[in-house]
Amino acid sequence: MNNRQIDARARFLLRMLTSGLLLLLSSCSSLQAVRLLQGGSPASDPPGPVQIPLRRMGYHYGITPVRVNTLQTPYLFLFDSGAHNALAWPTAAAARFKPEVTVDARDSNNRSQPIAIGKLAGLHFGSITLLNTAAVQMDLQPMAGMVGGRWDGIIGSNSLQFFSTEIDLNAGLLILNPADLGGPFVLQTELHTNLMTAWRPGFTITRGSDSYDFIIDTGAYLSLLDYATFRSHCQAGSLSAVDSLGSISGFSKTHKELYFCRLNWNPLDPAANTGLPVYLRKDNGENLLGLTALINYRVAIDFPQGRLLVRTAAKTWTWHYAGFTVFLSKGAIKVHKINQNCAAWNHGLRTEMPLLQLANTRLHTADMQSVVKTLENPLVHRLVTRLPNGTLQSMDY
């Protein structure tokens, strides 16, 4: 294979390297970055299954404690199968992270930032130690409002690639090398981790004469799918425009035209008519399955065997999507995105309007985790907000 072919494949490998970012590289930096990302290894084989608790943080899940190199600081990292390992700027400084290559990254809204890639001597979480694994250094502060705090880094797909990995959101667990991977399965298919998906766990579903590619992205809340491809798969009457303050990932202040619908099937359980809430975006390029697609399933991503196994969770939830998402800004819970056919929109709720109360609970001291859980509770459907003219208004959602 010549350098031109390697560079072309390297561009595929580095596509969407971190949440919402596309690296634009020269030939030399492409090859150097690929070598870095292909490196790393576990210090030893895990002694049987390793259960790692997942900590709910707003719309995301985190892993803690994570330790970097020789530091004893117990960091909180975002669990994101749709990204690679990353260090926030303060973490990188404390760990004396030494970039080996710096490249320009451009997100889906055409905003660019420099991304530095290097190796970590040690990355420690649970009872796992990874040696010489690659990470990027980046600004994670834009995500703070969606979690009500800050991330110190990201545990991404290049940390998971050595293990059979089961995600069980209902139990709040990430299980490495689980002991039991027996059926019955609602989905059993080949896992795609080739250069196109850059070790991110992908798979293909065929329905009729059409095939669809998906990537499991635990860094996203709602799934993000291509508008032209999936518009015809929406439940009748569920498609609407979305009023939004910013991009999907939170890394950019701008966004492309965004839509909401309830998909009439879940790619992880193709036989179920679930009404899965998803975002649709024109010319999206990739179909990313977010956390809400994983609720009520045990999703085993078996990297060594190259297979994806999906089972129904041992204990299922009844949950509700409110029709809008929120963020924390200067101590206030405000609307971030809202679908223009949901009940709250019809009653006058708009982006940046504050939520003052949910049911009988005032939110002036609420944390993002409790707010998001309350919004997901199907038994709660009333809020109080403040209109732009200062009037308080109670409404259903």
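The values are calculated or read from the model by the stated rules, or taken from the named source; none is laboratory data. Values in this document were obtained by computation on a predicted structure and should not be read as measured data. Methodologically, a virtual Cβ is constructed for each residue, glycine included, from the backbone with ideal geometry; neighbour enumeration extends over all protein chains shown.
Some values worked out for this structure:
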{"quantity": "Pick from segment 18-59, criterion in a loop (DSSP other than H, G, I, E, B) and modelled with pLDDT under 60, ranking: farthest from D168 (Cα to Cα)", "calculated": "S26"}
{"quantity": "Segment 306-326, residues that are modelled with pLDDT of 95 or more and within 15 Å of E166 (Cβ to Cβ)", "calculated": "R307, L308, L309, V310, R311, T312, A313"}
{"quantity": "T91 vs. criteria farther than 19 Å from R200 by Cβ, among the β-branched types (V, I, T) and assigned to a strand (DSSP E or B)", "calculated": "no"}
{"quantity": "Residue check, F303 touching a helix residue (DSSP H, G or I) at 6+ places or on another chain (Cβ under 7 Å), more than 29 Å from G182 (Cβ to Cβ) and of a type in the set (F, W, Y)", "calculated": "no"}
{"quantity": "Segment 295-307 - residue that is surrounded by fewer than 22 Cβ atoms within 10 Å (Cβ to Cβ) and among the hydrophobic types (A, V, I, L, M, F, W, C) and, of those, nearest to T193 (Cα to Cα)", "calculated": "F303"}
{"quantity": "Residues being in a loop (DSSP other than H, G, I, E, B) and over 28 Å from the mean Cα position of the chain (by Cα) - total across segment 337-390", "calculated": "8"}
{"quantity": "Which numbered condition P74 misses (of (1) modelled with pLDDT of 95 or more; (2) touching a Pro at 6+ places or on another chain (Cβ under 8 Å); (3) over 30 Å from A366 (Cα atoms))", "calculated": "(3)"}
